[in-house]
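Heads up, the thing below is written out as structure tokens.
The values are calculated or read from the model by the stated rules, or taken from the named source; none is laboratory data. Treat the numbers as computed from the prediction; the structure is a model and nothing was measured. Cβ placement follows ideal geometry from the backbone for every residue including glycine, while neighbour counts extend to all protein chains displayed. Keep in mind that these areas ignore ligands, DNA and RNA; they rest on the heavy atoms of the full protein, side chains included. Shrake-Rupley method; radii C 1.70, N 1.55, O 1.52, S 1.80 Å.
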Amino acid sequence: MSIYQELQLNQAGSKALIKNSKDNRERGRHLLIYIFKVFLTLAFCMVFVTAYTGIFGESNSVAGVVVLLTVMVFRSADLGIKASHGNGVIAVLFIILAVGPKLTNMVSPGWGFFLNFVFLLLILTLGCHNIIMANHATWVLGYLLLQGNDVSGREYFMRVLALALGALLTVLVFYRNHRGIRYKRGLGDLLREFAFSSARTKWQLRMALGISSGMFLAQLLHLPRVMWAGFAMMSIIQPFRRDLLNRFKYRFPGNLIGCVLFFGLCAVIPESFYGCIGMLGGIGVGFSATYLWQTVFNSFGALTMAMGMFGMAGSMALRLINNLFGVVYGLVFDFLFEKVCCAIERITGGMESADAA
């Protein structure tokens, strides 16, 4: 395997390569390449987001994060349809990212629930046809990030420009890397294959309704930083129950460990260096191959950003409360949704049998 090929591996792939090395020399080579990859990725991310922030303003650094995610993900992932149609889908999804989060912040919680459900369902239907690709993790995360970091006036105008540039960059990367892949399926097939009898469609409905209803309830409870609850629900409501239970088991403990470590770091380093904790979290995520430790280190960046608004104690409390709410609600909702689906299938199956008789 060449150095370039090793650089394309994810954390689990790189760690497996290191573990299965024949001798210490080979293990050392793979380890050095892995470390170089983590720091190279982190450096690229920092430069990219810094450039976006410099062009579109500090309040739109989050747009840079969203665009960074789409560009990096669609270097290797595709949408399961013709590349030419995929370009159109990406453009539509970026329009949703530009319009949807803003609209939901302008209306009442009730209308926000309805709009969130519609926009999330569109995102999941158009961008997550091949659930193995896990594209929902990128698009839904971006939607919630933009919604939780709302702007207005000139800043919103700059955000639209930032997302428009992001759409162009993502389309160029996507088409360059995937134009040679031949699919018979197009955009029309995505819409025709949306059916309640499909397990994929049920999951798309479950995630869209679960996140939108959970965030609606969190708003009624006046929880600050509702998007954190949304992230937790997005993480829990997985297509496969095995993954759902695994993430339910580790999500809250991961955040608890993250808060404890964050507090410990803040206690031993000067306040002027607090911003470096978020960078340390990024490095930690890069070296983490398990969901638990990815959750731990993801907490660092979130807490660093929230400290300016809620203070250290308030940020950690809100992080834990929102995540506990999100994982519990996500699990309960998933269970109830499955029960309702089974009941509907029994009723419709009985009606079909009666008609046949």
So, first residue free of Cβ contacts under 8 Å to residues at least 12 places away in the same chain in segment 270-299, second residue among the hydrophobic types (A, V, I, L, M, F, W, C) and in a helix (DSSP H, G or I), Cβ within less than 8 Å, six or more apart or across chains; the pairs are none
Checklist (1) touching a Pro at 6+ places or on another chain (Cβ under 9 Å); (2) closer than 21 Å to H178 by Cα applied to F119, failing item: (2)
Among (1) surrounded by fewer than 16 Cβ atoms within 10 Å (Cβ to Cβ); (2) free of Cβ contacts under 8 Å to residues at least 40 places away in the same chain - the single one L261 does not satisfy: (1)
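From V173, V151, V118, V160, which residue is aliphatic (A, V, I, L, M) and within 19 Å of the chain's Cα centre (by Cα)? Step through it out loud before you land on a result.
Values: V173 fails: within 19 Å of the chain's Cα centre (by Cα); V151 fails: within 19 Å of the chain's Cα centre (by Cα); V160 fails: within 19 Å of the chain's Cα centre (by Cα).
None of the other options fit; the residue is V118.
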Say whether the condition of being open to solvent by less than 30 Å² (accessible area, probe 1.4 Å), touching a residue at least 60 places away in the same chain (Cβ under 8 Å) and part of a helix (DSSP H, G or I) is met by at least one residue in segment 102-109. no
When you check R185 against the structure, is it out of contact with any Gly (no Cβ under 6 Å at 6 or more places or on another chain), surrounded by fewer than 21 Cβ atoms within 10 Å (Cβ to Cβ) and either assigned to a loop (DSSP other than H, G, I, E, B) or in contact (Cβ under 8 Å) with a residue 60 or more places away in the chain (or both), yes or no? yes
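Residues are listed down the side, and each one gets a yes or a no for (1) buried (at least 18 other Cβ atoms within 10 Å of the Cβ); (2) over 15 Å from I96 (Cα atoms); (3) small (G, A, S):
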site: L120; (1), (2), (3): yes, no, no
site: L126; (1), (2), (3): yes, no, no
site: N130; (1), (2), (3): no, yes, no
site: M133; (1), (2), (3): yes, yes, no
site: L144; (1), (2), (3): yes, no, no
site: V151; (1), (2), (3): yes, yes, no
site: E155; (1), (2), (3): no, yes, no
site: G166; (1), (2), (3): yes, no, yes
site: V171; (1), (2), (3): yes, yes, no
